[in-house]
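Novice: Take this structure first; my questions come after.
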Amino acid sequence: MTEQRGNWTSSAGFVLAATGSAIGLGNLWKFPFITWENNGGAFVLVYLVCIAAVGLPIMMAELLIGRKTQKSAVGALREAVGPGWGLVGGWGVLCGFILLSYYTVIAGWSLFYFTRTIGWTTSGFPTDLPMGDLFGQQVSNAPLQLVMSLGFSVATVSVVYFGVQKGIERIARLFLPILFGILVLMLVSALGMSGSGEALTFIFRPSFSELEPAGILEALGHSFFTLSLGMGAMITYGSYIDRNQSIVKASAMIVVLDTLIALVATVIMFSVIFSVAGMAEQVGGSTVGMLFISLPELFYTEVPFGTLLGPLFYVLVALAALTSTMSLLEVVTSYVIDEHGVDRHKATVLCGGAVFVFTIFAALSFSGVPFLSTLAVFEGKTGWFETADHFVSNWMLPTGGLAITIAAGWFMTREATEGELADRTAPGWFRYDLWRFFIRYVSPIAVAAIVVAVFFFGVDFS
Ligand code: PFF
């Protein structure tokens, strides 16, 4: 069975692919923004605690369920926990489907800004074009949105089409080092800017009086999103892990790398923002503002080597997004392959096509199309795009995560999980009983708090 199924060629290949899934728009777009909103320091510290106390144990849980069963989300949960648990896997597949449909649209924006910045680098930055207007124009330009998201979908399908080794792992091995390289270049440039000291203080000096309780939940909610947990992506990637590999070591590496990249991205962005007088006041407005409105201009007016780093930055966003979208499509595709016996090529095209129908809805959410632009299910969220994002981030990921935690902690036997984690490959520092304590008590209580906050107190994570 192991032979028929794709497998990662090596432990490094797997770690890169899973890290690629984790590092995405969440790191470059959401994390800096919520750090900003929650006044830095204390929020970052709480986030680090959430990652270690909740994210890491659940990462291990998802990977072990996958490797144990060698099946994708639905089959894995059914086999590892019990027949009814397939539904939780199905919930995850649905979540992957919806998330992919609108994530692709934001990824498409990075393509637009890449082409724009290339143009500005070669023929000069337009001083008479407000960046807020440019963003508004591109996002409401229906044909443009469709072309860019189609381009991104085709790229995603092309990777997953070639399977685990020749597609996903190969692209991760190629792109992640490039991504790290670009970030290092940007970090060096950003640290040389006058605002870097203030940025570092903002990010790393905790001041607990500035953190609201909702910020703690936001840190917790984001730790799920950023680590690609709660929807079976890591179960699916885990199902391709070799028995000789340590799930504990791999999980630790993925979690550390993802966190490091989120912090580096935040240091870069805030160094730039704090270097420009008045910028800090302007940024607050919207999540996308920082990435697509404030930064483009700053590359051409403030950042050392910005004409070079501008286009490179949007390459970085696109690469980070692609290594995430391919994991999302893999969740859906591997379900169709495993559960319905369809071959990979057919399954990939079929799933990619089906998701794209919904990508069209998300892409047209800002163009004034009736229903798509006006849909209002959740308070304060207008249009298909915002509704989908709200539903996934607030309702689907936390409930899926809660179910997976309970499955691993309470419905799987000690022997079943211990055999996967505390085997001869486990590193010396690992204590199985500690993991078991966290997965049985700490993680479920923490995740239940998110679910309660969303259901009963209307807290918003999207
Ligand atoms: N972890 C990704 C990010 O931070 O952007 C988002 C994501 C990708 C979530 C893949 C879930 C997933 F399966």
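Novice: May I ask for the Rg/Rh ratio of the chain, computed from Cα atoms with Rh as the Kirkwood radius, given to two decimals? Can you show the working numbers first?
Specialist: Details: Rg = 21.1 Å, Rh = 22.2 Å.
So for the chain, dividing Rg by the Kirkwood Rh gives 0.95.
Novice: Next question, about the same structure. Quick one: go through segment 73-113 and flag any residue whose amide nitrogen is under 14 Å from the point 7 Å out along the Cα-to-Cβ line of residue 413.
Specialist: Inside the label zone: 80-82.
Novice: If each of residue 147 and residue 350 carries a label point 7 Å out from its Cα toward its Cβ, how far apart are those two points in nm?
Specialist: Spacing of the two 7 Å Cα→Cβ label points: 3.3 nm.
Novice: Sort segment 328-457 into rounded, prolate or oblate with this rule: let a ≥ b ≥ c be the square roots of the eigenvalues of the Cα gyration tensor; rounded if a/c is under 1.5, and if a/c is not under 1.5, prolate when a/b is larger than b/c, oblate otherwise.
Specialist: Cα axes put segment 328-457 in the oblate bin.
Novice: Provide the FRET efficiency to the nearest 0.05 for the residue 118-residue 451 pair, computing r from the beta carbons and using R0 = 41 Å.
Specialist: 0.40
Novice: Could you tell me what fraction of 2.2 N^0.38 Å the Cα radius of gyration of segment 210-299 comes to, as a two-decimal ratio?
Specialist: 1.44
Novice: Taking 0.36 nm per intervening residue step and subtracting the Cα-Cα distance, what contour gain separates residue 279 from residue 191 on full extension?
Specialist: My answer for the length gained is 29.9 nm.
Novice: Another one. Check cross-link reach from residue 381 to the lysines: straight Cα distance under 19 Å, and skip same-chain residues fewer than eight apart.
Specialist: Output for residue 381: 30.
Novice: Quote the relative contact order of the chain in percent (integer), defining contacts as alpha-carbon pairs under 8 Å separated by 6+ residues.
Specialist: Taking the mean separation of contacting Cα pairs over the length of the chain, I get 33 percent.
Novice: Excluding residues fewer than 8 places away in the same chain, name every one of the lysines whose C-alpha is closer than 26 Å to that of residue 346.
Specialist: 71, 166
Novice: Filter the DSSP H helices in the chain by two things, a Kyte-Doolittle mean of at least 0.5 and an axial alpha-carbon span of 30 angstrom or more, and list the hits by number.
Specialist: Those that clear 30 Å and a mean of 0.5 are 86-123, 170-191, 247-275, 306-340.
Novice: So how far apart, in nm, are the two label points at residue 137 and residue 432 if each is 7 Å from Cα heading toward Cβ?
Specialist: Rounded to a tenth, the inter-label distance reads 6.3 nm.
Novice: Okay, which of segment 139-167 sit inside 19 Å, backbone N to the point 7 Å along the Cα-Cβ direction of residue 371?
Specialist: Those under the cut-off are 142-143, 146.
Rule-based calculations on the coordinates, nothing more; no lab input. Values in this document were obtained by computation on a predicted structure and should not be read as measured data. Positions of Cβ are backbone-derived with ideal geometry, glycine not excepted, and every protein chain shown enters the neighbour counts.
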